[in-house]
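Heads up: the structure comes next, in structure tokens.
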């Protein structure tokens, strides 16, 4: 996808900690209120559990360690987005801390030092907010220190 193909697109701004990020509005299914998070034993580091939404099981990915460097303690909502896998897809959620808002703008190119999960930037007032590639974010692997085992959620 090029920046010109996204001209005057809509984006959903989300808050994690004190930082803001954006996702293309076309990928968002809904902003769900806080519901019971069902945790279970697993080995997927980013999956913190599942929620049941509209009779569907939706995996919840905690992206805050990647995006803000720590787990976020308070989650006010679940932002549910569509992920595509070839001809099929699924709904997935990330917990967000604050209100989400819809903004319009032109997708600008990502900065050269942006991580792989940032596909560009959008101007919001005087700031530029990173536009996330949801699929790249949930599949992103952080480098673990060589002498430490990867963290596993319980």
Residue hits (the stretch 95-125; free of Cβ contacts under 8 Å to residues at least 60 places away in the same chain and part of a strand (DSSP E or B)) are 95, 118, 121, 123
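Mind listing whichever residues of the stretch 107-119 are surrounded by 13 or more Cβ atoms within 10 Å (Cβ to Cβ) and within 24 Å of residue 90 (Cβ to Cβ)?
So the first thing to find is which residues in the stretch 107-119 are surrounded by 13 or more Cβ atoms within 10 Å (Cβ to Cβ), and the list is 107-108, 110, 114-115, 117-119.
Matches in the stretch 107-119: 115, 117, 118, 119.
Condition first: surrounded by 14 or more Cβ atoms within 10 Å (Cβ to Cβ) and at pLDDT 85 or above. Can you find one or more residues in the stretch 140-147 that meet it?
In the first step, residues of the stretch 140-147 are kept if they are surrounded by 14 or more Cβ atoms within 10 Å (Cβ to Cβ); the result is 140.
Subsequent filtering for residues that are at pLDDT 85 or above retains none.
No, that holds for no residue.
Restricting to the stretch 72-86, and then to whatever is modelled with pLDDT under 85 and not in a loop (DSSP other than H, G, I, E, B), can you tell me which residue is nearest to residue 124 (Cα to Cα)?
Residues of the stretch 72-86 modelled with pLDDT under 85: 72-76, 84-86.
Next, from what is left, pick out any that are not in a loop (DSSP other than H, G, I, E, B): 84-85.
On the way: 84: 27, 85: 31 Å.
Ranking the candidates gives 84 first.
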Residue 57 meets each of (1) surrounded by 12 or more Cβ atoms within 10 Å (Cβ to Cβ); (2) at pLDDT 90 or above; (3) farther than 19 Å from residue 98 by Cβ with one exception, condition (1)
Note on residue 90: of the conditions (1) under 22 Å from residue 32 (Cβ atoms); (2) in a strand (DSSP E or B); (3) touching a residue at least 40 places away in the same chain (Cβ under 8 Å), unmet is (3)
Of the residues in the stretch 16-43 that are assigned to a loop (DSSP other than H, G, I, E, B) and free of Cβ contacts under 8 Å to residues at least 60 places away in the same chain, the one that is nearest to residue 108 (Cα to Cα) is 18
Picking from 69, 125, 89, 120, the residue that is in contact with a strand residue (DSSP E or B) (Cβ under 8 Å, 6 or more places away or on another chain) and at pLDDT below 95 would be 89
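The values are calculated or read from the model by the stated rules, or taken from the named source; none is laboratory data. Remember, predicted model here, so these are calculated numbers, not experimental data. Heads up, the Cβs are rebuilt from the backbone with ideal geometry, glycines too, and the neighbour counts pull from every protein chain shown.
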